[in-house]
Amino acid sequence: MKVSVIIPVLNEEESIGPVLDHIPKDLVSQIIVVDNGSTDRTATFAREHGAQVVQETRRGYGHACLRGIEELQNPDVVVFLDGDFSDFPEEMRNVIEPIQKNQADLVIGSRSSGAHAKGALPSHAAFGNRLASTLIWWFFGFRYTDLGPFRAIRYEALKKLEMADRTFGWTVEMQIKAVRKGLRICEVPVSYRKRIGESKISGTITGSIKAGTKIIWTILKYRFVTPAFRRFLMIFFLLFAFALQAQQHEEIVNVQVVNLQVSVLDKKGEFITELTPEDFQVWEDDTAQQVLDLEIQREPFSIGVLIDTSSSMQSVFQITGRGTTDFLSSLRPDDEFFVMTFDDRIQVHQDLTKKADSPKNDWNDFRYGNRTKLFEGLLASLDRLSNATYPRRALFLISDGVNTGGSGNLDQAIELAQKNKVIIYTLILENSDADFNTLRKLSESTGGTYFVLYDEFPRLQAAYNKIAMDLAHRCTLYYRSISDYSSVKKPEIKIRMKNPAWSVRFQRAYFPKTTG
């Protein structure tokens, strides 16, 4: 039986030699050490001890494992092993044996069932391990005792799992998918000792919380379809981590899962559809945040249409009415929308309704007024969207961009939109008095975009087509905020794509939930 071993490493120069020396050479035909960005001599020592060394510059346990899989030479069995010498590589025979006897497809080395040195697994890490194992039992019906890295799997079974996680969720993803695919699974006791050097994960409470957050999120991701329920359960775990951190007298940090609606474009303005969480880097007030997940699917939208019916719009009103009617007709059946107008008063012409049930609007029935209560209309429409059905919300503002009366201001409109996570798209009819900067800021601050139009139907139609494409390509990006917001404030969000040729639209701030 042909056996290959994959060992992800990061600054393990003191331990990689002993690990490689204790691997049974008569059992193994290929040893791959994946260097995940070490700054010491780990790679050099690994080569000196006979291993094949490959580089993976993208940080993350899953990234390293996937890179190692690329180098496999069609083995029968693949063994995963850490490079910190906490496991006993010589026990590899016991881990592989159930596969050799055709009793299993996946074998987990259980540290909980084996002998382990005192303090080898810190109490907080052991608790998190038991919690994750219990959740898998509850949600998937298989009772694991460990999520340990020392494991063996048939190569054909590994390919069927289609592993995808790039970071701390790798091991739990494998175990969940193995259950769902009906693999034969067993555990064998393995010994465990204190690692050489400091652990990047369990060595600190913060590291354990970061890894634990991703592990629990992965479990919930494969069990629950509804994002809101996943976030609800995730908060419980984060609150536990919050309390645990306080017990250890470390700095208490915020425990919030933030979700943002984002769309990504290339230099040509084409939308990017193949995205992963690792493509995004998120900051709050210049503090890096932990990206958890990315959901790429078209969810229903609640949409508000706010139309300027002041006298300055009369000449283009039939054009805007026709374009807006065509756009609303193109919405998906589950999408809902309302139509409001503003001039010297604010009116609701079509209350919130599903697209499939909506009547046709008669644009000839709309009246015109002399004043333009732009911000008052914005606040009224945003308030209506706050009670909408769906969490994905958008507002289309059609105006020539002049505010000549009424209450409210730009800052109030942006704040209300950000609180309710409303994307604002502005369609600006050219007017020499138009305040383009104000309307551009309104859209960009909320993750939308703006269009400057003339009294031409094709231009309006093209703008609506681009908005429809943007809505269709909106993804939900989840990240865990690690910032400390003990007082009420609005953190500024920055997102950078790892591909510098891509740009991203997103809401520039959010309002954290606060207690006390």
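Read the figures in this text as sums done on the coordinates, not as results from a lab. Bear in mind the structure is a predicted one, so any value in this text is a computation, not a measurement. Glycine gets a Cβ as well: all are built from the backbone with ideal geometry, and neighbour counts include every protein chain shown.
Quick notes
- Sorted into 5 angstrom bins from 0, the C-alpha pair distances of segment 302-472 split as 1, 9, 20, 24, 24, 15, 6, 0 percent.
- Residue-by-residue Karplus 3J(HN,Hα) for segment 95-107, coefficients 6.51, -1.76, 1.60, Hz, glycine and proline x: 5, 7, 3, x, 6, 4, 7, 6, 9, 7, 9, 10, 10
- Relative to one another, the C-alpha centroids of segment 278-352 and segment 77-119 are positioned 54 Å apart.
- Loop-resident sites, segment 86-165, for trypsin sites (Lys or Arg not before Pro), counting at most 15 other Cβ within 10 Å (DSSP): K101, K118, R143
- Across segment 62-77, coupling constants 3J(HN,Hα) worked out from phi with the 6.51/-1.76/1.60 Karplus curve, θ = phi - 60°, read x, 4, 5, 5, 5, 5, x, 4, 4, 8, 5, 10, 6, x, 8, 9 Hz, and Gly and Pro carry x.
- Global form of segment 79-167, assessed from the alpha-carbon gyration tensor, a/c cut-off 1.5: oblate
- Members of K118/K181; K441/K498; K373/K441; K267/K490; K25/K181 lying beyond 27 Å, as alpha-carbon distances in this model show: K118/K181; K267/K490; K25/K181
- Under-5 Å amide H pairs with H349, H placed in peptide plane, nonlocal only: V339, M340, T341
- Segment 33-95 - Debye-derived log10 I(q)/I(0), Cα point model, q = 0.17, 0.20 Å⁻¹: -0.66, -0.92
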